[in-house]
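J.: Let me begin by handing over the structure; questions about it come next.
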Amino acid sequence: MSNKKFDVVVIGAGPAGYVAAIRCAQLGMTVACVDEWQNKGEPTLGGTCLNVGCIPSKALLESSQLFAASRNDFPEHGINVKSVSIDVKAMNARKDKIVNELTQGINNLFKINKITRVHGHARLSPGKTVKVSDRGSPQTRETLEADNIIIATGSSAVRLERAAIMDGYIFDSAGALEFDSVPKTLGVIGAGAIGLELGSVWSRLGSEVVLLEAMETFLPAADRHISRAAFRSFQQQGLDIRLNARLLSTSVKQKKVHVTYEDTRGAQQIKFDKLVVAVGRKPNSDFLFGDEMGLEIDEREYIHVNKYCETSVPGIYAIGDVVRGPMLAHKGSEEGVMVAERIAGQESAVNYELIPSVIYTHPEVAWVGKSEHACNTAGIPVNVGAFPLAASGRAKAMGATDGMVKIVVHQETDRILGVHICGAQASELIAQAVSSMEMGASAEDIAMTVFAHPTLSESIHEAALAVHKRAIHIKN
Ligand code: FAD
Ligand code: NAD
């Protein structure tokens, strides 16, 4: 057993931890990063995001969208493809290759930045010490000491007792990225980001997909106009989203998953070939430290931190999914940068008001800032402008006319408070809204900006013009 001393030890090499480690190293600190993840038996960096989250899901979304387009959209373009079929094995191999290249890329970045990579399970000890053991072993293999510790241990899928994971039948999100064939029928518990994205993948490939969502409101965090537009669009493309559906039980009989749920009409029964449970994630804060550490944990098991991600113990920070705020990769990464820079004595901060959310469905859903409803509830007087993509020349040329752009501005100052998009490439469009809002832009600023034609971005221009009832391509 060896003892090593570093300026910083980071626990977790997901997008929060690996970014924190790299930024600390850039700032001249000696850094070790401990992570226990294994991909197919091999120690791997990148955490949930790269291995079983953002990246593999987007790879499958891309493949499945191309497949669906070749079947549904190509004929209208005059493209005749005699028979299109999906080779799920090849699709998965492409996804695995992307994951492998990106996780290897982080390994290379660690080498370039001279970050000491330690594979194993980390546990905090008093005196800013991190004890590393092999998975499942109580024996400490290595002890790391540090002036500063950054906890970035991420989150894990919430499990339901009523729908326990069962090999071949009931899966979590990681399992739903690995199906080796297209199930004829697929049930999904939870119509949040994961349910919608993974439901879309398998629906586009031919599964009949039913999403059972406990809440009566669809995507409650999104602006209501946007969530309604998205709901309509998803239903039209065949995603059967059932709201107000509370799961009662599941069982596997004759190679089918039998699901009982309750909605406004009473108890319902339905059976599927496979079932995916996507009902949220919980922070990985257990088995990490004992009471003697003095670290505070809130009632939902998040490690308690202030706005600078400082825990209740000086010199120990926590970032990413393991702390409050949206469970998003970019939120964790920005916290990583902030903490590294603050350790180096800089005055960094994260603007939590302007973290974009994106759901990578088709159309995509993206938003930043406040919804109209949230402003109304908070008593903030607002003006609103909206532009339907059906009126966009570029959207028509792309065959992507579903959705709209909506801008919410302060009635008195005209300052943009929120931008909400349902539409093709919303994930890319939202970035210009974030930049504008970071710079304190008003609707008038966007209205005065020249946008290239024909682009989807023009819809943001038109929505800003619509705030003052002077949009050109719609009736105001
Ligand atoms: P994680 O990525 O979970 O990494 C934590 C790391 O800590 C892991 O590698 C783990 O092995 C390690 N670890 C934990 N405990 C210990 C310990 N005691 N010792 C050693 N190592 C430990 N977010 C987006 O922004 N965009 C998306 O498109 C998106 N898509 C997603 C799709 C799916 C299917 C899922 C499941 C999630 C998705 N997310 C997405 C969420 C995103 O993956 C998380 O917000 C992000 O990974 C959180 O980063 P993190 O670094 O905090 O934690
Ligand atoms: P989520 O919180 O987005 O959605 C879970 C849904 O399940 C909710 O709508 C909830 O009401 C519902 N639910 C909970 N219990 C239920 C039950 N018993 N029966 C039926 N419905 C139930 O969580 P998620 O989709 O699992 O995603 C987890 C996290 O990962 C989220 O925080 C999300 O931000 C993140 N993520 C982000 C992206 C993205 O940025 N594109 C993609 C995937 C995941």
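J.: Among the residues of segment 13-25, which ones are away from ligand 2 (no atom under 16 Å from the Cβ) and either part of a loop (DSSP other than H, G, I, E, B) or touching a helix residue (DSSP H, G or I) at 6+ places or on another chain (Cβ under 8 Å) (or both)?
T.: Of the residues in segment 13-25, the ones away from ligand 2 (no atom under 16 Å from the Cβ) are 13, 17-25.
Hits for segment 13-25 are ALA13, GLY17, TYR18, VAL19, ALA20, ALA21, ILE22, ARG23, CYS24.
J.: Go through segment 146-178 residue by residue and tally those that are assigned to a helix (DSSP H, G or I) and out of contact with any helix residue (DSSP H, G or I) (no Cβ under 8 Å at 6 or more places or on another chain). So that I can check it myself, show each step before the final result.
T.: Start the filter on segment 146-178 by keeping residues that are assigned to a helix (DSSP H, G or I), which leaves 161-163, 173-176.
Next, from what is left, pick out any that are out of contact with any helix residue (DSSP H, G or I) (no Cβ under 8 Å at 6 or more places or on another chain): 161-163, 175.
So the answer is 4.
J.: Within 14 Å of ligand 1 (Cβ to nearest atom), over 19 Å from SER156 (Cβ atoms), β-branched (Val, Ile, Thr) and modelled with pLDDT of 95 or more, is that true of ILE98?
T.: Values: within 14 Å of ligand 1 (Cβ to nearest atom): yes; over 19 Å from SER156 (Cβ atoms): yes; β-branched (Val, Ile, Thr): yes; modelled with pLDDT of 95 or more: yes.
Yes: the conditions hold for ILE98.
Here's the yes/no breakdown for (1) buried (at least 18 other Cβ atoms within 10 Å of the Cβ); (2) within 16 Å of ligand 2 (Cβ to nearest atom); (3) assigned to a helix (DSSP H, G or I):
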residue: VAL210; (1), (2), (3): yes, yes, no
residue: ALA221; (1), (2), (3): no, yes, no
residue: ILE226; (1), (2), (3): yes, yes, yes
residue: ALA230; (1), (2), (3): yes, yes, yes
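Here's the yes/no breakdown for (1) within 24 Å of PHE234 (Cα to Cα); (2) polar (S, T, N, Q):
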| site | (1), (2) |
| --- | --- |
| ILE316 | no, no |
| ALA340 | no, no |
| GLU347 | no, no |
| SER357 | yes, yes |
| GLU364 | yes, no |
| HIS373 | yes, no |
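J.: Given the condition in the same structural domain as THR30 (by TED's automatic domain parsing), modelled with pLDDT of 95 or more, at negative phi and in contact with a Phe, Trp or Tyr (Cβ under 9 Å, 6 or more places away or on another chain), answer yes or no: does some residue in segment 64-76 qualify?
T.: Yes, segment 64-76 has at least one match.
J.: Additional query: Among the listed residues VAL257, VAL322, VAL313, identify the single one that is within 13 Å of ligand 2 (Cβ to nearest atom), surrounded by 13 or more Cβ atoms within 10 Å (Cβ to Cβ) and over 30 Å from PHE387 (Cα atoms). Walk me through how you get there before you give the answer.
T.: Values: VAL257 fails: within 13 Å of ligand 2 (Cβ to nearest atom); VAL313 fails: within 13 Å of ligand 2 (Cβ to nearest atom).
Result of the check over VAL257, VAL322, VAL313: VAL322.
J.: State all residues of segment 425-470 that are within 21 Å of ARG394 (Cα to Cα) and touching a strand residue (DSSP E or B) at 6+ places or on another chain (Cβ under 6 Å); if no residue qualifies, say none. Don't jump to the end; show me each part of the working.
T.: Filtering segment 425-470 down to residues within 21 Å of ARG394 (Cα to Cα) leaves 425-433, 446-466, 470.
Matches in segment 425-470: ALA426, SER427, LEU429, ILE430, ALA433, SER459, ILE460, GLU462, ALA463, ALA464, ALA466.
J.: If you take the residues in segment 344-366 that are within 10 Å of ligand 2 (Cβ to nearest atom) and assigned to a loop (DSSP other than H, G, I, E, B), which one is surrounded by the most Cβ atoms within 10 Å (Cβ to Cβ)? Lay out the reasoning, then the answer.
T.: First, the residues of segment 344-366 that are within 10 Å of ligand 2 (Cβ to nearest atom): 356-361, 364-366.
Narrowing further to those that are assigned to a loop (DSSP other than H, G, I, E, B): 356, 360-361.
On the way: PRO356: 21, TYR360: 20, THR361: 23.
Only one residue fits best here, namely THR361.
J.: Same structure, new question: With respect to the numbered conditions (1) in a loop (DSSP other than H, G, I, E, B); (2) on the phi < 0 side of the Ramachandran plot; (3) among the charged types (D, E, K, R), which one is the sole condition not fulfilled by GLU301?
T.: GLU301 satisfies all of (1) in a loop (DSSP other than H, G, I, E, B); (2) on the phi < 0 side of the Ramachandran plot; (3) among the charged types (D, E, K, R) except (2).
J.: Just to check your reading of the model, which residue among VAL99, VAL88, VAL10, VAL81 is of a type outside the set (S, T, N, Q) and under 30 Å from TYR308 (Cβ atoms)?
T.: Details: VAL99 fails: under 30 Å from TYR308 (Cβ atoms); VAL88 fails: under 30 Å from TYR308 (Cβ atoms); VAL81 fails: under 30 Å from TYR308 (Cβ atoms).
Selected residue: VAL10, the only one of VAL99, VAL88, VAL10, VAL81 that is of a type outside the set (S, T, N, Q) and under 30 Å from TYR308 (Cβ atoms).
J.: I'd like to verify a number: residues in segment 26-55 that are among the small types (Gly, Ala, Ser), farther than 15 Å from VAL9 by Cα, modelled with pLDDT of 95 or more and part of a loop (DSSP other than H, G, I, E, B), how many?
T.: Going through segment 26-55, the residues among the small types (Gly, Ala, Ser) turn out to be 28, 32, 41, 46-47, 53.
Of the ones still in play, those that are also farther than 15 Å from VAL9 by Cα are 41, 46-47, 53.
When the remaining residues are screened for being modelled with pLDDT of 95 or more, the result is 46-47, 53.
Still in the running and part of a loop (DSSP other than H, G, I, E, B): 46, 53.
Number satisfying all stated conditions: 2.
J.: Which members of segment 6-20 meet the condition of being away from ligand 1 (no atom under 11 Å from the Cβ) and out of contact with any Leu (no Cβ under 8 Å at 6 or more places or on another chain)? Give the steps one after another, and end with the answer.
T.: Taking segment 6-20 and keeping what is away from ligand 1 (no atom under 11 Å from the Cβ), we get 6-8.
Within segment 6-20, ASP7, VAL8 qualify.
J.: Does any residue in segment 381-396 that is farther than 24 Å from ASP414 by Cα come within less than 6 Å, Cβ to Cβ, of a residue that is in a helix (DSSP H, G or I) and among the hydroxyl-bearing types (Ser, Thr, Tyr) six or more places away or on a different chain, and which pairs are these?
T.: Close Cβ pairs (under 6 Å, with a partner that is in a helix (DSSP H, G or I) and among the hydroxyl-bearing types (Ser, Thr, Tyr)) amount to SER392/SER459.
J.: Using the structure shown, decide if ALA397 is surrounded by fewer than 24 Cβ atoms within 10 Å (Cβ to Cβ) and under 23 Å from ASP73 (Cα atoms). Reasoning before the result, please.
T.: Working: surrounded by fewer than 24 Cβ atoms within 10 Å (Cβ to Cβ): yes; under 23 Å from ASP73 (Cα atoms): yes.
Here the answer is yes, as ALA397 does meet what is asked.
J.: Here are GLU428, GLU462: which of them is over 26 Å from the mean Cα position of the chain (by Cα), at pLDDT 95 or above and outside the structural domain of ALA69 (by TED's automatic domain parsing)?
T.: On the way: GLU428 fails: over 26 Å from the mean Cα position of the chain (by Cα).
None of the other options fit; the residue is GLU462.
J.: I've got another one for you. Being buried (at least 18 other Cβ atoms within 10 Å of the Cβ), within 13 Å of ligand 1 (Cβ to nearest atom) and either closer than 30 Å to LEU212 by Cβ or assigned by TED's automatic domain parsing to the domain that holds SER249 (or both) is true for just one of ALA157, ALA152. Which residue is that? Break it down into steps so the answer makes sense when it comes.
T.: Details: ALA152 fails: either closer than 30 Å to LEU212 by Cβ or assigned by TED's automatic domain parsing to the domain that holds SER249 (or both).
Going through ALA157, ALA152 in turn, the sole match is ALA157.
J.: Turning to a different aspect of this structure: Going through PRO326, PRO363, PRO388 one at a time, which residue ends up being within 21 Å of ALA443 (Cβ to Cβ), touching a strand residue (DSSP E or B) at 6+ places or on another chain (Cβ under 9 Å) and not polar (S, T, N, Q)?
T.: Details: PRO326 fails: within 21 Å of ALA443 (Cβ to Cβ); PRO363 fails: within 21 Å of ALA443 (Cβ to Cβ).
Of the residues listed, the single one that is within 21 Å of ALA443 (Cβ to Cβ), touching a strand residue (DSSP E or B) at 6+ places or on another chain (Cβ under 9 Å) and not polar (S, T, N, Q) is PRO388.
J.: For segment 172-188, which residues satisfy the criterion of being away from ligand 1 (no atom under 11 Å from the Cβ), hydrophobic (A, V, I, L, M, F, W, C) and surrounded by fewer than 24 Cβ atoms within 10 Å (Cβ to Cβ)? Even if it seems obvious, please write down each step before you answer.
T.: First pass over segment 172-188, keeping only residues away from ligand 1 (no atom under 11 Å from the Cβ): 178-188.
Checking the rest, the ones that are also hydrophobic (A, V, I, L, M, F, W, C) come to 179, 182, 186, 188.
Residues satisfying the conditions are PHE179, VAL182.
The values are calculated or read from the model by the stated rules, or taken from the named source; none is laboratory data. What you see is a predicted model, and the numbers here were worked out from it, not measured in a lab. Note: ideal-geometry Cβ built from the backbone for every residue, glycine included; neighbour counts use all protein chains shown.
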